[in-house]
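The values are calculated or read from the model by the stated rules, or taken from the named source; none is laboratory data. All figures in this text were calculated on a predicted structure; none of them were measured in a lab. Methodologically, a virtual Cβ is constructed for each residue, glycine included, from the backbone with ideal geometry; neighbour enumeration extends over all protein chains shown.
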């Protein structure tokens, strides 16, 4: 079994890669630069989620993918409110956090559907959940995660019944370079992500999980 983790060279992505590797899963560790992906774990590959050619080349090199963890993300907001936020920042954030995950998912889904089994996990956030309340302090990031949630639902619907499950995980505020003062460790977050990435065949799809329980979008 092979898993591809995007943005896997640090933070949640690296912790997820380590946890999958500990389960005996062949992990492909991807980053925008090959030297960043070479972390002494699994198989390193260069993959820029914003670039069609990069994604295509990486997936061709990797071959079949059974698990995809869409972890690559950016937080570029500086606290500017929605009425004044730089829309170029919003566009860049959407390109990485939402369209990047969509792009990589499109690249691996045909193979998953053909084989009749696959798992795609989106790393989302409570800031993008209407049930939680979108966070106006980070408008670009919040909109990107709300969009990612929509992508999750749409992809899950399109491949429902094929053996492929597409779900999103809200890991909470995780202590990474983005949020250095958070209380949740990357390893704690990774445990929930790996749980979603290894769900049995009769599990939900198109679902938003928090602490391994379904939550409202």
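In the set (1) in contact with a strand residue (DSSP E or B) (Cβ under 8 Å, 6 or more places away or on another chain); (2) surrounded by fewer than 23 Cβ atoms within 10 Å (Cβ to Cβ), the condition left unmet by residue 106 is number (1).
Among the residues making up segment 157-188, those that are modelled with pLDDT under 70 and surrounded by 20 or more Cβ atoms within 10 Å (Cβ to Cβ) are 174, 176.
I'd like the full set of residues that are touching a strand residue (DSSP E or B) at 6+ places or on another chain (Cβ under 8 Å) and on the phi > 0 side of the Ramachandran plot, limited to segment 2-52. Residues satisfying the conditions are 7, 11, 42.
For segment 131-143, does any single residue satisfy the condition of being outside any helix (DSSP H, G or I), buried (at least 22 other Cβ atoms within 10 Å of the Cβ) and in contact with a strand residue (DSSP E or B) (Cβ under 6 Å, 6 or more places away or on another chain)? Among the residues of segment 131-143, not one is outside any helix (DSSP H, G or I), buried (at least 22 other Cβ atoms within 10 Å of the Cβ) and in contact with a strand residue (DSSP E or B) (Cβ under 6 Å, 6 or more places away or on another chain), which makes the answer no. With the condition kept exactly as written, say whether any residue in segment 60-70 is surrounded by fewer than 16 Cβ atoms within 10 Å (Cβ to Cβ), out of contact with any strand residue (DSSP E or B) (no Cβ under 8 Å at 6 or more places or on another chain) and in contact (Cβ under 8 Å) with a residue 60 or more places away in the chain. No, there is no match, as no residue in segment 60-70 is surrounded by fewer than 16 Cβ atoms within 10 Å (Cβ to Cβ), out of contact with any strand residue (DSSP E or B) (no Cβ under 8 Å at 6 or more places or on another chain) and in contact (Cβ under 8 Å) with a residue 60 or more places away in the chain.
The one condition from (1) under 21 Å from residue 20 (Cα atoms); (2) within 15 Å of the chain's Cα centre (by Cα) that residue 149 does not meet is (1). No other residue among 3, 91 is touching a helix residue (DSSP H, G or I) at 6+ places or on another chain (Cβ under 9 Å) and within 18 Å of residue 148 (Cβ to Cβ) apart from 91.
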